[in-house]
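Beneath this line is the structure, given in structure tokens, with notes to follow.
The values are calculated or read from the model by the stated rules, or taken from the named source; none is laboratory data. Bear in mind the structure is a predicted one, so any value in this text is a computation, not a measurement. Cβ sites come from the backbone with ideal geometry, for glycine too, and all protein chains shown count toward neighbours.
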Amino acid sequence: MDVDIFREALNQIVFDERLQYLRWIHLHNGGESTLHPNIVEMLSLVEKAKEKALEHGRRFPKVSLLTNGTVGRWDLLQALKETRAIDVLRISMDGGSPQQYEYIRGRASWGDFSKTARELIAAVRTNPNAVRVEFISLIEDDQLPGALRKNREFADLLGLADDYEVRYNHGWGGQLEDEPKRLPNPLPWYQRGCRLLLHSLVLLADGYVTVCCADLNGRGVIGRFPQERLVDIYMKAKRQWMLKKVSEGKNAEVPLCASCEGF
């Protein structure tokens, strides 16, 4: 994402009163966030936006940074120690054991990941902003959540966090060529809602805006920023139509949602 696009988004979040109830900014989508060449500058911009909001008596949403913990960057560690940018650091740690982690993650090394994750956690623990640490753990369909505590190495690292979330395989709303095996959603269509569609907008790297962070291929794009303001995109008729269909249990009529098992 271009830094100027990011800066303008923060500016609208601070000064557009229609965004005063925005609760979260999540710094991630469709790739490893810490690989962004300007991630340190962007964290500095977040800190300045928070300060600007405070100066003008406005609230600013909480900010989370999601990483897979495979990229070691000294400049990022320093930024995480010193800037009051993020409120939550979230780290993806899949599997339940070092062996299962490497199986799920492919070429990733548990040793490298464990070292980097510990460095990231140590950095935010020294931050005056009292940053929370959370793990997200994807496990196989035949595993139970308790499996995360059975392996000593895995459990020790998990114990450094304030909380963790367990997830099972999903197919990114049917946008993968090779669909993973998924647990069927036990609810009938008419009882399924979608917290992502209801509560989110996703600002993509090129400025296009979609309605769902599981939309890997931009099928749900409804506008472009900064040509249109964030609130105006949020209120687009296309999004309202999608919300109406999902609320009526007619997910199958929404192309983006038709193959999604729900989140």
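Remark: Val14 falls outside the filter, which requires a residue to be under 18 Å from Leu89 (Cβ atoms), modelled with pLDDT of 95 or more and over 15 Å from the mean Cα position of the chain (by Cα).
Of all the residues in the stretch 181-232, those that are over 20 Å from Arg23 (Cα atoms), among the hydroxyl-bearing types (Ser, Thr, Tyr) and modelled with pLDDT of 90 or more number 1. Considering only residues in the stretch 140-159 that are modelled with pLDDT under 90 and assigned to a loop (DSSP other than H, G, I, E, B), the one that is surrounded by the fewest Cβ atoms within 10 Å (Cβ to Cβ) turns out to be Asp142. Within the stretch 56-87, the set of residues being out of contact with any helix residue (DSSP H, G or I) (no Cβ under 9 Å at 6 or more places or on another chain) and among the hydrophobic types (A, V, I, L, M, F, W, C) comprises just one member, Trp74. Just so you know, in the stretch 233-259 the residues that are assigned to a loop (DSSP other than H, G, I, E, B) and free of Cβ contacts under 8 Å to residues at least 24 places away in the same chain include one that is nearest to Arg18 (Cα to Cα), and it is Met235. None of Ala205, Ala252, Ala214 is within 21 Å of the chain's Cα centre (by Cα) and surrounded by fewer than 19 Cβ atoms within 10 Å (Cβ to Cβ) except Ala205.
Contact map, the stretch 206-220: residues that are closer than 15 Å to Tyr234 by Cβ paired with residues that are buried (at least 21 other Cβ atoms within 10 Å of the Cβ) and among the polar types (S, T, N, Q), Cβ distance under 7 Å, separation 6+ or inter-chain. Pairs shown: Gly220/Thr210. Inspection of the stretch 125-139 finds a residue satisfying the criterion of being assigned to a helix (DSSP H, G or I), modelled with pLDDT of 85 or more and closer than 23 Å to Ser64 by Cα.
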